[in-house]
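Taking it in order: structure first as structure tokens, then the write-up.
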Amino acid sequence: MISGGNIDTRLLSSVLMRGLVRSGRLVRLGVQISDLPGNLATVSSLIAELGGNIVEVEHERWYRDVPVRLAQIEVLIEVRSGGDCHPIAEGLADGGFPARILSTDYGAV
């Protein structure tokens, strides 16, 4: 049990974030996009329209096995409830941005 005024806030933060991951409310998606101006903004807009809140973005062009003229982005998103990441991944694919769910820890306790 965690209680009292002597709680280590970093430990508490870690416990809370792990809880979000395990419940499926904090999810990483991988999306490969054409490396063209505006595509990152379009993906961000689609995620927002589909109910996801972007927490972190990693955008790679050169350091991964990404074909020329493409970019790989990994997006950490917060969703309303576990499982809400699937409609977001499907919506991105419908918008021309195939996405895969990279975090698979949700559902585990």
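The numbers here are math on the coordinates, done by the rules we state, and not lab data. It should be emphasised that the depicted structure is a prediction, and the values quoted were computed from it without experimental measurement. Cβ atoms come from the backbone with ideal geometry, glycine included; neighbour counts cover every protein chain shown.
A dipole drawn for the chain from +1 and -1 charges on Cβ atoms has a positive end, and of Tyr63, Ala41, Ile7 the residue lying farthest that way is Ile7. Ranked by the mean number of other Cβ atoms within 10 Å per residue, highest first, peptides 26-34, 9-17, 66-74 order as 26-34, 66-74, 9-17. Using the average count of surrounding beta-carbon atoms within 10 Å as a protection proxy, the listed peptides 78-84, 55-61 rank, highest first, as 78-84, 55-61.
Dividing the summed helix terms, -39500 (n - 2.57) for each DSSP H run of n ≥ 4, by the number of residues in the chain produces a 222 nm estimate of -10000 deg cm²/dmol to the nearest 500.
Taking a sphere under 14 Å around the Cβ of Asn53 and counting the other residues whose Cβ falls inside, with K and R at +1 and D and E at -1, yields a net charge of -1. Taken about its Cα centre, the range 28-109 carries a charge dipole of roughly 140 debye when the Cβ of each Lys and Arg holds +1 and the Cβ of each Asp and Glu holds -1.
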